[in-house]
Amino acid sequence: MQRPTPRRLSPYAAGAGLGVVVALSMAVFGHRLSGAGAYQHLSGFVGQRLVPDSMYWRHVVPTGLTWDVLVAIGSLVGALTAARLSGELSLRTMPDRQWSSAFGPSVVRRWLLAFLGSILTEIGGGIAGGCTASLAVSGGAVLAPGAFVFMAGMFAGGIPTAFIAYRRARE
Amino acid sequence: MTPWMATVAPLAIGFGFGWFLQKGGLSRYETIVNVFRFRDLTVLKFLLSAVVTAAIGIRLLDVLGVAAEVPIPPTAIAGNLLGGVVFGVGMSLSGFCPGTVAAGAGEGRLDYLIPGGLGLCVGAVLYGVLYPELVPALARWGRVGAVTFADLLRVEPWLVVALLTELTALGLYGLERGGSRPSRRPSSHTDSRSRPTESAPRPSDRAARSA
């Protein structure tokens, strides 16, 4: 396959690049870089109908096309552009090889676990007060203790889950 | 900020976010899940590199006088920890986090766009419904507030940034040194066809199992 630009940066270089983005977002614009926030700010469209007198959607999170929602849209376009330029853009329903060699070729299974997993990340991010971007990186960058507590929790939850999931995998 | 800037700035910030997630390979299921299996430490390296660079960057922007009011995420030990655990379980099952869902979707991954995006929306609504029950209960434990290590230790932020940078560099250097030895298992990137076939029994495995 042709590679017009390098497909991958080293994790250190890509991380440093993200670090610059986070520094600009935090210091110049006064916004944490957020992944989970966008969905919280969209949730009110349904939530306010579900629980009309909810103090959460009235006072705690805004509803609408907020800064975080625009960041999410931008990140989709950014990844699309990066993937397009390195010839990695393609529609697919499944992850690459590892998933199916461990859990079989069922798309339904992958999509169900992806759905369940993303519900948990969004709820967990809400409870923690941020996600990998808005708490671990943005919080770590301003030396907030909570960021490091969150990272410890993330690995404490993720490691046993991965080992249980892969216990019977053939891979 | 003008309305024009208020639209273009977050889109540009997001563009950079998605760009570096994709370039770092973070928008792949394998990269995320394999950090939890100790097979591929890309996530850890990426995360720590981002934290240290952003920490130095924010200090520099502050010195240059460009920095506005920098937001400090609040620390509440019970919430940060418990939320982190739930988050980690979800991340390990799905192979993504809320930020990488949009990036993966941009790469053309429908398992990110459809069940991923839908799940995040459902999760956000569920969290909103559960909020009145969950949050007051958790907030009682270990609530420290919007503070930094520099506040707590009453030292210059630069000192903590220097310490964090040094510790991270040392830790990552150690990881690279330790990880440079040939691994026991083939990495996930190698083609499955190049591995020893499953049909050929490996005597050492047999012996180890029967022992």
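Each value in this text was obtained by applying a stated rule to the coordinates, not by laboratory testing. Just so it is clear, the structure is predicted and the values come from calculations on it, not from any experiment. Every residue, glycine as well, gets a Cβ built from its backbone with ideal geometry; the counts of neighbours run over all protein chains shown.
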Seminar exercise, completed: Sparse-neighbourhood loop hits (trypsin sites (Lys or Arg not before Pro), the stretch B:142-182; DSSP loop; Cβ within 10 Å at most 11 others) -> B:ARG154
For this session: Express in whole angstrom the spacing between the alpha-carbon centres of the stretch B:134-166 and the stretch A:27-43.
Result: 21
Exercise. To the nearest 20 debye, what charge dipole does the stretch A:86-171 have about its Cα centre, counting +1 at the Cβ of each Lys and Arg and -1 at the Cβ of each Asp and Glu?
Worked result: 380
For this session: Kindly rank B:6-12, A:35-41, A:143-149 from highest to lowest mean number of other beta carbons found within 10 Å of each residue.
Result: A:35-41, A:143-149, B:6-12
Exercise. Considering only the other residues whose Cβ falls under 15 Å of the Cβ of B:VAL144, what net charge follows from Lys and Arg at +1 and Asp and Glu at -1?
Worked result: +2
Exercise. With Rg and the Kirkwood Rh both taken from Cα atoms, where does Rg over Rh land for the stretch A:49-115?
Worked result: 1.16
Problem set entry | For the protein assembly as shown, the fraction of alpha-carbon pairs in successive 20 Å shells from zero, as % | 29, 58, 12, 0
Exercise. Residues of B:162-168, mean number of Cβ from any other protein chain within 10 Å of their own Cβ, rounded to a whole number?
Worked result: 1
Seminar exercise, completed: In the neighbourhood of A:SER34 defined by beta carbon distances under 13 Å, the net charge of the other residues (Lys, Arg +1; Asp, Glu -1) is -1
For this session: Return the calculated 222 nm mean residue ellipticity for chain A, to the nearest 500 deg cm²/dmol, obtained by summing -39500 (n - 2.57) across DSSP H runs with n ≥ 4 and dividing by the residue count.
Result: -19000 deg cm²/dmol
Exercise. In chain A, which helices (entire DSSP H runs) extend 24 Å or more along their own long axis, judged by Cα positions, while averaging at least 1.0 on the Kyte-Doolittle scale?
Worked result: A:67-85, A:107-128, A:145-165
For this session: Stick to the Cα atoms of the stretch A:1-134, pair each with every other, and give me the Kirkwood hydrodynamic radius in Å at one decimal.
Result: 17.7
Seminar exercise, completed: Shape call for the stretch B:1-138, from the Cα gyration tensor axes a ≥ b ≥ c (a/c under 1.5 means rounded, otherwise prolate when a/b beats b/c, else oblate), comes out rounded
Problem set entry | the stretch B:43-104-the stretch A:133-164 distance, computed between alpha-carbon centres (Å) | 8
Exercise. Over the Cα atoms of the stretch A:70-169, how large are the radius of gyration and the largest Cα-Cα distance (Dmax), in Å?
Worked result: 16.4, 43
